[in-house]
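Enquirer: First the structure, then my questions, so here it is.
Every number in this text was worked out from the coordinates using simple rules, so none of it is lab data. Quick caveat, the model's predicted, so the values are computed rather than measured.
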Amino acid sequence: MTPEMVMTLAHEAMYIALLLAAPLLLVSLVVGLVVSLFQAATQINESTLSFIPKLVAIALTLVIAGPWMLTTMLEYMHRMFTSIPAYAG
């Protein structure tokens, strides 16, 4: 296994991880921003107020994007497992 192969594997793994985490992180960011604006407008200083909307939004995102995320991860793992002989020999 050459250093180029290792770097390619690491690059692809980080890309897949970023691709799978992006929808959840973006939804959490947007919901947090909206709740923060609401708190600033109403002067409610409750720190736990943003927890429930974020939790609901992330759960809905997992329901909507979950099949795509699972398919992406399964395709990546299938490629990795089928390429083990090429990397080993």
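Enquirer: Over the alpha carbons of the stretch 1-45, what is the largest minus smallest coordinate on each principal axis, giving the biggest first in Å?
Expert: 59, 14, 9
Enquirer: Could you state the angle between the C-alpha long axis of helix 51-82 and the longest principal axis of the C-alpha atoms of the chain, as a value from 0 to 90 degrees rounded to the nearest 10?
Expert: Result, in degrees: 0.
Enquirer: Which whole-angstrom value gives the distance between the alpha carbon centres of the stretch 55-71 and the stretch 1-19?
Expert: Cα centres, the stretch 55-71 to the stretch 1-19: 25 Å.
Enquirer: Would you mind listing how long the stretch 23-88 runs along its three principal axes, going by Cα atoms, in whole Å with the largest first?
Expert: 61, 21, 15
Enquirer: May I pose another question? Helix 3-42 against the longest principal axis of the chain: what's the angle in degrees, Cα atoms only, rounded to the nearest 10?
Expert: Once rounded, the angle reads 10 degrees.
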